[in-house]
Amino acid sequence: MGFHSFKTSLLFSIYVLSAACATRTCDFPAIFNFGDSNSDTGGLSAAFGQAGPPSGETYFRHPAGRYCDGRLVIDFMAESIGLPYLSAFLDALGSNFSHGANFATAGSTIRPQNTTLHQSGFSPFSLNVQYYQFSDFQRRSQMLRNQGGVFKELLPKTEVFSRALYTFDIGQNDLTAGYFFNMTTDEVRAYVPDVLDQFKTVVKYIYDHGGRSFWIHNTGPVGCLPYVMDRVLITAGQIDKVGCAAPFNDVAQFFNVKLKEAVVQLRKDLPSAVLTYVDVYSVKYDLISHAKKYGFVHPLQACCGHGGKYNYNKNHGCGSKVTVHGKEITLGKSCKDPSVAINWDGVHYTEAANKWVFDRIVNGGYSDPPVPLRMACHIKSAVHE
Ligand SMILES: *[C@@H]1O[C@H](CO)[C@@H](O)[C@H](O)[C@H]1NC(C)=O
Ligand SMILES: *[C@@H]1O[C@H](CO)[C@@H](O)[C@H](O)[C@H]1NC(C)=O
Ligand SMILES: *[C@@H]1O[C@H](CO)[C@@H](O)[C@H](O)[C@H]1NC(C)=O
């Protein structure tokens with residue numbers, strides 16, 4: 001057997017090995033999610049008032065705590081592994097945590113901000129606070145479960161915590177926070193390592209609490225979002241070929257390089273952890289760059305908004321109303337067909353875009369290691385070697 005065919009057969013056996021390995025799905029009994037509005041299923045709404053109509057119109061037919069016309073990527077993830085949509089930890093009404101909890105809130109950052117929500121729009125539930133909530137949830141849910149009755153039905157079993165999938169989608173607001181406080185790109189880049197140190201700390205704490213499977217989304221092309229392009233001064237030379245603000249996407253990519261390094265470090269520090277890094281940036285940028293090819297229109301415009309180049313006006317957001325001559329008029333209306341829109345309200349993606357992103361990432365095509373969602377609990381994947 002020549003070297004070439006030896007190599008081929010070796011590759012083949014690795015493939016067979018990994019395929020054999022791949023037949024075992026993880027059967028995650030729960031998802032615990034940490035993040036910002038990209039994965040908030042009702043947290044900020046529970047704490048600060050509901051996201052109003054027309055949010056939720058496409059799927060839920062009423063506002064459902066999501067900054068979207070319908071479902072988020074995390075909803076499609078839960079569905080695909082056979083779990084119910086996640087209740088927000090902060091939501092006292094109707095929540096069922098038997099299959100996980102969602103600690104994400106819109107406007108959350110990794111690092112705690114020194115401003116209130118009303119001053120700056122950033123949520124007080126930064127990642128460290130989401131961790132305190134998780135820790136409290138884990139301990140007290142077990143005490144309550146022991147009381148039996150309805151608590152047994154609404155709260156997870158003890159063994160769920162080590163077998164659950166821990167998902168993260170956070171960091172975008174840490175980057176925009178700097179810009180909104182008038183920092184330069186260099187100043188924003190300079191604090192990224194501190195942001196990621198705090199991220200690593202939280203992953204380690206969750207590991208210490210028994211978490212083993214971690215699914216980590218990188219941050220998206222924030223420079224393609226109307227609220228960034230509208231709010232921050234951008235010169236013509238800074239616009240890329242797609243129409244996005246290049247400096248912001250550069251910072252997002254810098255963050256992602258550092259996030260990937262953090263994940264590599266965590267694999268060394270946490271020997272029994274399985275960490276999957278998911279390149280959501282590339283998926284979203286591909287969608288925005290080739291919108292037409294994928295059946296979408298106006299990739300840089302909000303579907304629900306009010307006027308201007310990006311159909312976005314920060315003083316008249318999606319759903320906003322004004323009273324003219326005693327008559328109430330909705331200024332921030334939804335577009336005719338959200339199913340072909342990418343951007344929902346200038347900040348968030350539509351359900352259609354979220355589904356598209358989910359379909360690209362679910363089988364591991366954008367993951368490191370390239371493992372499907374259902375397999376993201378296996379420590380050594382031959383594919384990775
Ligand atoms: C908030 O203030 C503290 C104390 O001055 C500082 O260490 C921290 O970096 C600040 N956080 C942010 C996000 O700026
Ligand atoms: C909570 O959700 C689980 C899983 O969907 C379900 O079996 C259980 O009946 C629910 N409990 C209540 C009280 O709704
Ligand atoms: C940033 O700069 C703008 C324009 O100079 C100013 O209006 C705004 O108050 C500044 N924001 C902060 C947080 O300093």
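Just so you know, all these numbers are worked out from the coordinates, no wet-lab data involved. Please read all numbers here as calculations on a predicted model, not as lab measurements. Using ideal geometry, Cβ is built from the backbone for each residue, glycine included, and neighbour counts are taken over all protein chains shown.
Could you work out how much longer the chain between Glu153 and Val324 gets when fully extended? Use 0.36 nm per residue separation minus the Cα distance between them, nm to one decimal.
56.5 nm
Ordered by residue, what ³J(HN,Hα) values in Hz, to whole numbers, does segment 26-33 give under the Karplus form 6.51 cos²θ - 1.76 cosθ + 1.60, where θ = phi - 60° and Gly and Pro are x?
7, 6, 4, x, 6, 10, 10, 10
Taking only the Cα atoms of the chain, how large is their convex hull per residue, in Å³? Intermediate results must be reported in sequence, preceding the final value.
Values: hull volume 63.6 nm³, N = 385.
So the per-residue hull volume is 165 Å³.
Give me the dipole magnitude in Debye, nearest 20, for segment 238-353 about the Cα centre, with unit charges on the beta carbon: positive for Lys and Arg, negative for Asp and Glu.
So the dipole magnitude of segment 238-353 works out to roughly 220 debye.
Using the charge dipole of segment 223-377 (Lys, Arg: +1 at Cβ; Asp, Glu: -1 at Cβ; taken about the Cα centre), state which of Tyr294, Gly326, Leu275 has its Cα farthest towards the positive end.
Farthest towards the positive pole: Gly326.
In debye, nearest 20, what is the charge dipole magnitude of the chain about its Cα centre with +1 on Lys and Arg Cβ and -1 on Asp and Glu Cβ, if you could check?
440 debye
Testing the spin-label approximation: label points 7 Å from Cα along Cα→Cβ at Asp250 and Asp208. State their distance in nm.
Going by the 7 Å Cα→Cβ label model, 3.9 nm.
Once you keep just the Cα pairs under 8 angstrom separated by 6 or more residues, what percentage relative contact order results for segment 145-262?
32 percent
Packing-wise, with mean Cβ within 10 Å as the measure, how do 181-194, 252-265 rank, highest first?
Ranking, from highest mean packing down: 252-265, 181-194.
Which cross-chain or sequence-distant (5 or more) residues have an amide H under 5 Å from the amide H of Trp215, H modelled 1.01 Å from N in plane?
Result for Trp215 returns Tyr166, Thr167, Phe168, Thr276.
By the gyration tensor of its Cα atoms, with a ≥ b ≥ c the square roots of the eigenvalues, what is the shape of segment 153-216: rounded for a/c under 1.5, prolate for a/b over b/c, or oblate?
Cα axes put segment 153-216 in the prolate bin.
Considering only Phe89, Gly364, Phe199, whose Cα is most displaced toward the positive end of the charge dipole of the chain, charges sitting on Cβ of Lys, Arg (+1) and Asp, Glu (-1)?
Selected residue: Gly364.
Modelled label-to-label distance, Arg61 and Thr185, 7 Å Cα→beta-carbon offset: nm?
Between Arg61 and Thr185, the simple spin-label model gives 4.8 nm.
Skipping prolines and chain starts, which residues have an amide H placed within reach, meaning under 5 Å, of the one on Lys333, given they are 5 or more residues away or on another chain?
Result for Lys333 returns Gly305, Gly319.
Going by Cα centres, segment 30-83 and segment 94-122 are how many Å apart?
Cα centroid to Cα centroid, the span is 13 Å.
Roughly speaking, what is the stretch gain from Gln238 to Tyr132, that is 0.36 nm per residue apart minus the C-alpha to C-alpha distance, in nm to one decimal?
Working: separation 106, 0.36 × 106 = 38.16 nm, distance 4.02 nm.
Between Gln238 and Tyr132, full extension yields an extra 34.1 nm.
If you put +1 on each Lys and Arg Cβ and -1 on each Asp and Glu Cβ, how big is the dipole of segment 71-225 around its Cα centre, in Debye rounded to 20?
500 debye
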